[in-house]
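Take a look at the structure below.
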Amino acid sequence: MDACTNNFINKLLFAILSIIIGGISLGELVNFITPFHKKAKREYLPRMMDEKAKCMVIAKQYEFDYWDGDRRYGYGGYTYRPGYFEPMAKQLIEKYKLTNSPKTKILDVGCGKAFLLFEIHKLLPKANVVGFDISKHGLAGAQDEIKKDLFIHKAQDPYPFKDKEFDLIISLGTLHNLQIFDLKKALKEIERVGKKKYIMVESFRNEQELFNLQCWALTCESFFTPEAWVWIYKEFGCDCDYEFIYFE
Ligand SMILES: C[S@@+](CC[C@H](N)C(=O)[O-])C[C@H]1O[C@@H](n2cnc3c(N)ncnc32)[C@H](O)[C@@H]1O
């Protein structure tokens, strides 16, 4: 089966699942960051065999080692590559009809170094981009132009924003790092302050991908299938578009 057919079948299955689940409307399965995720090569077993439990403790601090230390602790050096996320920023702007106006507000929950937010800012300089994260080193690595719009905050704590203040909330690779009780708090806040929402988390579709994810993930607390994630979004009342990255 080619990638296009596979993608179509996945979308169809999710649409059917959303109808079966009923209740609040759910967004749709989207495909923004998967092409970027697929570019990296990962050796799963060597990672698992390399004192992984110790590496996880260090990674979960989300500070220097996680971002810019050895690959065994996280990114292995994460520096800004001009324009790298520009195609994705353009896709988000088009999909969510974001305009270059001071009235437009975009929030990134768990923005890290906020490289995607910066690409959005470059394309929509008049719009308000805001981001928060728990990592001081992450935020310090953001581009100077948007640093003033970033702050330290936990995804599960109440957000200092009004109801439906943001046109779009994005959260990439962050929410699977929360335990289920914090996930509920975060999703409720995201729903409260965002008109449209797009969330990407790590997931698995079969035993091999679960095994690979367990080998690779340093910080993940919530290991769920896509079906379980969709159930969680609905159960916790978050009407978001969603994407999953897999470890094939
Ligand atoms: C894989 S990184 C993704 C960063 C960014 N979204 C990106 O795509 O480049 C995961 C991020 O989640 C953040 N994080 C983990 N737990 C968090 C929490 N409870 N609240 C806010 N951010 C959190 C980490 O500091 C880190 O920046």
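Counting just the residues of the stretch 89-114 that are in a helix (DSSP H, G or I) and surrounded by fewer than 20 Cβ atoms within 10 Å (Cβ to Cβ), which one comes out farthest from the chain's Cα centre (by Cα)? For the stretch 89-114, the residue satisfying everything is 94.
What helices (runs of 4 or more DSSP H) lie completely within the stretch 118-193 and have 3 or more residues being of a type outside the set (Ser, Thr, Tyr) and within 10 Å of the ligand (Cβ to nearest atom)? Fully inside the stretch 118-193 and qualifying: 136-140, 180-193. One residue is enough: does the stretch 89-108 have a residue meeting the conditions within 30 Å of residue 47 (Cα to Cα) and in contact with a strand residue (DSSP E or B) (Cβ under 9 Å, 6 or more places away or on another chain)? Yes, the stretch 89-108 has at least one match.
Yes or no: residue 212 away from the ligand (no atom under 13 Å from the Cβ), more than 15 Å from the chain's Cα centre (by Cα) and within 26 Å of residue 79 (Cα to Cα)?
Numbers: away from the ligand (no atom under 13 Å from the Cβ): yes; more than 15 Å from the chain's Cα centre (by Cα): yes; within 26 Å of residue 79 (Cα to Cα): yes.
In short, yes.
Would you say residue 178 is in contact with a helix residue (DSSP H, G or I) (Cβ under 7 Å, 6 or more places away or on another chain), of a type in the set (A, V, I, L, M) and surrounded by fewer than 21 Cβ atoms within 10 Å (Cβ to Cβ)? Before you say what the answer is, go through the steps one by one.
Details: in contact with a helix residue (DSSP H, G or I) (Cβ under 7 Å, 6 or more places away or on another chain): yes; of a type in the set (A, V, I, L, M): yes; surrounded by fewer than 21 Cβ atoms within 10 Å (Cβ to Cβ): no.
Here the answer is no, as residue 178 does not meet what is asked.
Give the residue, chosen from 124, 172, 187, that is among the aliphatic types (A, V, I, L, M), touching a Leu at 6+ places or on another chain (Cβ under 9 Å) and closer than 13 Å to residue 238 by Cβ. Working first, answer last.
Working: 124 fails: closer than 13 Å to residue 238 by Cβ; 172 fails: closer than 13 Å to residue 238 by Cβ.
Testing whether each residue is among the aliphatic types (A, V, I, L, M), touching a Leu at 6+ places or on another chain (Cβ under 9 Å) and closer than 13 Å to residue 238 by Cβ leaves just 187.
Looking at the stretch 77-109 only, could you name the residues that are in contact with a helix residue (DSSP H, G or I) (Cβ under 9 Å, 6 or more places away or on another chain) and closer than 17 Å to residue 241 by Cα? Passing the criteria: 88, 89, 90, 92, 93, 98, 106, 107, 108, 109. Restricting attention to the stretch 196-228, report how many residues are surrounded by 15 or more Cβ atoms within 10 Å (Cβ to Cβ) and either closer than 17 Å to residue 239 by Cβ or polar (S, T, N, Q) (or both). Result for the stretch 196-228: 13.
Residues in the stretch 31-82 that are of a type in the set (A, V, I, L, M, F, W, C), over 20 Å from residue 203 (Cβ atoms) and either surrounded by 15 or more Cβ atoms within 10 Å (Cβ to Cβ) or more than 15 Å from the ligand (Cβ to nearest atom) (or both): 45, 49, 53, 55, 58, 64, 67.
None of the figures in this text is laboratory data; all of them are computed from the coordinates on show. Owing to the predicted nature of the structure, the values given are computational and were not obtained by experimental measurement. Ideal geometry is used to build each Cβ from the backbone, glycine not excepted, and the neighbour counts take in all protein chains shown.
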